[in-house]
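These notes concern the structure reproduced below.
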Amino acid sequence: MTSSSYSRSNVRIAPAGQAGAALVVGLILMLVLTVLGISGMNTATLELTMAGNTEAHQDAFQAAETGIDIPIGTLSFTTLAPTIVPVTPLGDGSYSTRSVTTCMTTTPVPDIAFSMGTSTGTVQAFHFDIVAVGTGPRGAISTHNQSFYVAGPGGGLGC
């Protein structure tokens, strides 16, 4: 026998009942791993979308807070009529705010250092309400209400 000839005794033949079983088991394991991988990618995508929506809501929240800060910081309110801050773009323009400041009522305040006693009406507390709406990306909207009062001279025009 020469080195170039093959012997039948070196070739193994699988038993008849196990032909291709390793291939089927391997394919089933690959299918299970593929399903797990796709499920993990879908979960990660969902979590990323949820995080983006939370960020958009926080941006709208901060825009509404800015809508409250604008009239208070600039003292742009009056007792005669509601003061409107029109839609104001913020940041890169994907955020905006608007607000309305309204004088709601007046309350007499005791004259002498807010002590007990009767009021002569020379000092009043002017109660204001601000309603601010902030918008952010992805259609996020946040509405905030803020009330405050300002002590001032009584007997004048207002509310």
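The values are calculated or read from the model by the stated rules, or taken from the named source; none is laboratory data. The shown structure was predicted, so the numbers you read here are calculated from the model rather than taken from an experiment. Counting neighbours? That spans all protein chains shown, and the Cβs are built from the backbone with ideal geometry, glycine included.
In region 139-155, the residue that is nearest to Gly67 (Cα to Cα) out of those that are surrounded by 14 or more Cβ atoms within 10 Å (Cβ to Cβ) and among the small types (Gly, Ala, Ser) is Ser142. Right, Ser9: at pLDDT below 95, among the polar types (S, T, N, Q), more than 30 Å from Tyr95 (Cα to Cα) and in a helix (DSSP H, G or I) or not? Judged against the criteria, Ser9 is a match. Looking at the structure I just gave you, is Thr54 of a type in the set (Val, Ile, Thr), under 13 Å from the mean Cα position of the chain (by Cα) and more than 30 Å from Gly154 (Cβ to Cβ)? Considered against the rule, which asks whether it is of a type in the set (Val, Ile, Thr), under 13 Å from the mean Cα position of the chain (by Cα) and more than 30 Å from Gly154 (Cβ to Cβ), Thr54 comes out as yes.
Applying the criterion of being more than 27 Å from Pro86 (Cβ to Cβ) and in contact (Cβ under 8 Å) with a residue 24 or more places away in the chain to the residues of region 40-73, the residue that is surrounded by the most Cβ atoms within 10 Å (Cβ to Cβ) is Asn53. Remark: pairs (first residue in region 132-156, under 16 Å from Gly91 (Cα atoms); second residue at pLDDT below 90 and not in a strand (DSSP E or B); Cβ separation under 8 Å; 6+ apart in sequence or on different chains) = Gly136/Ser94; Pro137/Ser94. Taking into account only those residues within region 64-78 that are under 19 Å from the mean Cα position of the chain (by Cα) and hydrophobic (A, V, I, L, M, F, W, C), which is farthest from Thr143 (Cα to Cα)? This residue is Ile68.
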